[in-house]
Amino acid sequence: MNPQSRPTGRVSLVGAGPGDPELMTRKAWARLMQAELVLVDELVDRRILAELPAHTRVLQVGKRGGCASTEQGFIHGLMIRSARQGLRVVRLKGGDPFIFGRGGEEMDALQAAGIEVEVINGLSAGLAGPSSVGIAVTDRRCAPGVALVTGHNGEGGRAPDWAALARSGLTLVIYMGVSRCAEIVAALMAGGLGADTPAAVVCAAHTPQQRQAWSSLAALPSLLAAQGLGSPAVLVIGEVAGMAAARQLLTGARDGREDRAKDPAEQELRRRAQAPCGR
């Protein structure tokens with residue numbers, strides 16, 4: 001076939017999940033095996049890339065807060081040009097493309113250019129991270145729902161309404177919140193959320209580098225600093241974190257940190273976590 005007469009290609013926005021390749025869907029794997037070009041997000045686990053066919057072209061177009069990042073407009077243009085060349089393109093993202101993954105922006109750009117685009121969802125770290133340490137974010141015994149929230153201000157500097165979230169009674173799962181943890185905690189407490197509300201942090205969920213720790217809300221910033229916990233991570237705030245902490249304590253699986261047993265904040269967390277719904 002004459003290359004100039006080759007049909008326009010397709011772009012698949014694919015969620016790679018939180019880390020473990022086995023958590024990806026069969027459809028996601030099928031698109032990866034068919035792809036001629038894969039544009040890879042920074043947080044995609046490298047074990048996934050190791051499974052790609054040798055002939056697949058892979059380009060790193062990642063974004064990380066505070067680091068040099070690929071411009072979003074460049075990514076849009078690259079997808080459009082590649083699809084117009086007839087290539088089968090996969091935009092591979094950590095987690096889910098439509099949960100803090102800019103998938104909506106990319107779909108709009110592709111559709112405006114007349115490019116066929118599909119979305120293949122992935123398991124978001126906001127759900128898989130908490131569950132990896134036993135946190136059921138919508139446990140009906142004490143959580144009427146869950147809010148997935150970004151710790152970074154949105155377009156135009158718009159920040160989440162932390163006071164409203166503090167009053168909501170929802171489990172809060174905060175993405176990209178490590179660098180602003182102290183500010184977020186202060187805003188939630190100013191909004192009425194108790195200083196002793198259970199909290200947890202899960203870093204690099206479902207990877208060999210996973211780490212997790214338990215805290216009270218007030219002690220969360222100092223815990224992150226003391227243990228050197230950083231991104232990628234999710235913060236989990238709410239009574240469900242206390243329930244999971246109780247289970248961890250009862251099984252003796254407390255990150256191997258028995259030296260923290262005398263910490264007053266942790267003793268309070270233990271007391272609240274082992275009562276019904278942390279009360």
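Points worth noting:
- Some residue of segment 233-249 being assigned by TED's automatic domain parsing to the domain that holds Pro130, more than 18 Å from Gly129 (Cα to Cα), modelled with pLDDT under 95 and not in a strand (DSSP E or B): yes
- Within segment 4-23, the set of residues being within 23 Å of the chain's Cα centre (by Cα) and either hydroxyl-bearing (Ser, Thr, Tyr) or crowded, with 22+ Cβ neighbours inside 10 Å (or both) comprises Val11, Ser12, Leu13, Val14, Gly15, Ala16, Gly17, Pro18, Gly19.
- For Arg167, the conditions (1) out of contact with any Pro (no Cβ under 6 Å at 6 or more places or on another chain); (2) closer than 21 Å to Ala246 by Cα are fulfilled apart from (2).
- The lone criterion from (1) outside any helix (DSSP H, G or I); (2) surrounded by fewer than 22 Cβ atoms within 10 Å (Cβ to Cβ); (3) over 17 Å from the mean Cα position of the chain (by Cα) left unmet by Ser179 is number (3).
- Every pair of residues 6+ apart whose Cβ atoms lie under 9 Å, when the first sits in segment 170-185 and is farther than 15 Å from Gly145 by Cβ and outside the structural domain of Arg140 (by TED's automatic domain parsing) while the second is modelled with pLDDT under 95 and part of a strand (DSSP E or B): none
- Total residues in segment 104-116 satisfying the condition of being closer than 18 Å to Ala28 by Cβ and surrounded by fewer than 21 Cβ atoms within 10 Å (Cβ to Cβ): the figure is 2.
Condition check ((1) among the acidic types (Asp, Glu); (2) outside any loop (DSSP other than H, G, I, E, B); (3) over 30 Å from Arg47 (Cα atoms)) across all residues:
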| position | (1), (2), (3) |
| --- | --- |
| Ser131 | no, yes, no |
| Ala136 | no, no, no |
| Asp196 | yes, no, yes |
| Gln212 | no, yes, no |
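- For Leu188, the requirement of being in the same structural domain as Ala219 (by TED's automatic domain parsing), buried (at least 20 other Cβ atoms within 10 Å of the Cβ) and in a helix (DSSP H, G or I) is met.
- Given (1) surrounded by 20 or more Cβ atoms within 10 Å (Cβ to Cβ); (2) closer than 30 Å to Pro208 by Cα, index of the condition Val119 fails: (1)
- The conditions of being modelled with pLDDT under 95, buried (at least 16 other Cβ atoms within 10 Å of the Cβ) and either touching a strand residue (DSSP E or B) at 6+ places or on another chain (Cβ under 9 Å) or farther than 22 Å from Lys27 by Cα (or both) are met by Leu43.
- One residue from Val149, Val137, Val133, Val119 being closer than 25 Å to Ile75 by Cα and under 16 Å from the mean Cα position of the chain (by Cα): Val149
- Close Cβ contacts (under 7 Å, 6 or more residues apart or on different chains) running from residues in segment 28-57 that are within 19 Å of Gln210 (Cα to Cα) and assigned by TED's automatic domain parsing to the domain that holds Ala204 to residues that are acidic (Asp, Glu) and at pLDDT 95 or above are absent.
The values are calculated or read from the model by the stated rules, or taken from the named source; none is laboratory data. Just so you know, these numbers come straight off a predicted model, no measurement behind them. Glycine also receives a Cβ, built like all others from the backbone with ideal geometry; neighbour counts cover every protein chain displayed.
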